[in-house]
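Data first, discussion second: the structure below is written as structure tokens.
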Amino acid sequence: MVIDAHAHVTAPDKLYVYKAGILAHRGGHGRGSAGATDDDITKALKAPVFGGSSHLDQLKEAGIDMQLISPRPYQMMTSESPKLVQWFTEETNAIIARQAKLFPNVFRGVCGLPLTPGIPVQNVVPYLDKCVKEDGFVGCLLNPDPGECSGRETPALGDRYWYPLYEKMVELDIPGHIPVSYTHL
């Protein structure tokens, strides 16, 4: 079996329209929903993407049997208000979880976490627990720079600050993925 351990969700356009909406009104109109249906998710996976063929066709072309999918780190807008980050992260993870349920022999989810500077990391621990136990995620993304070089610093990944998250990861027996784009720190 060939497993691609690092890939990103191919989401319906509705997810990115949702993101634009919550950013435009800064949450003033409430959370709402991306409103993506299972048909929207399937259609996105079967539509042409980078390189001309669909996400599913590219897996076949490359001989990949299973793929671990996560949010696109640069899309997670972690330096925005914690409320908006939470909403968008949850919507993105919901689409990933549904994609994995629609194609259980092809996809497994790696959840994004709503990390934002100034918010204690232990605040995301219950959400990680839910993602794994209820939604079937098999890992999580770790962003060592939630402030996105904005000057709002987060302790380095070896700092005790991160221990509550690491302890939960050990308890859940899941790995953390640190996207290479974050390693400039």
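Over segment 3-177, with the other protein chains present, what is the accessible area per residue in square angstrom, probe 1.4 angstrom? Walk me through the numbers before you get to the answer.
On the way: 8370 Å² over 175 residues.
So segment 3-177 comes to 48 Å² accessible per residue, rounded to a whole number.
Assuming a ≥ b ≥ c are the square roots of the Cα gyration tensor eigenvalues, decide whether segment 1-70 counts as rounded (a/c under 1.5), prolate (otherwise, with a/b larger than b/c) or oblate. All intermediate terms of the calculation are to be shown ahead of the outcome.
Numbers: a/c = 2.92, a/b = 2.34, b/c = 1.25.
Judged from the Cα gyration tensor, segment 1-70 comes out prolate (a/c at least 1.5, a/b above b/c).
Tell me, what % of the accessible area of the chain is carbon and sulfur with a 1.4 angstrom probe?
C and S atoms contribute 56 percent here.
Tell me the angle of helix 82-102 to the major Cα principal axis of the chain, expressed in degrees between 0 and 90 and rounded to the nearest ten.
30
Normalised by the residues of the chain, what does the relative contact order come to in percent, with Cα pairs under 8 Å and at least six apart?
For the chain, the relative contact order is 20 percent.
Within a Cβ distance under 14 Å of ALA20, other residues only, what is the Lys/Arg minus Asp/Glu net charge? Can you show the working numbers first?
Working: positive: LYS14, LYS19, ARG26; negative: ASP13, GLU80, GLU91.
So the surrounding residues net to 0.
I need the shape label for segment 128-178. Rule: rounded when a/c is under 1.5, else prolate if a/b > b/c, else oblate, with a, b, c from the alpha carbon gyration tensor.
The shape class here is prolate.
Taking a ≥ b ≥ c as the square roots of the Cα gyration tensor eigenvalues, with a/c under 1.5 meaning rounded and otherwise prolate when a/b beats b/c, else oblate, which class fits segment 3-177?
oblate
The values are calculated or read from the model by the stated rules, or taken from the named source; none is laboratory data. Keep in mind the model is a prediction, meaning the values are calculated, not measured. Glycine gets a Cβ as well: all are built from the backbone with ideal geometry, and neighbour counts include every protein chain shown. SASA here: full protein model, heavy atoms, side chains in, ligands and nucleic acids out. Shrake-Rupley method; radii C 1.70, N 1.55, O 1.52, S 1.80 Å.
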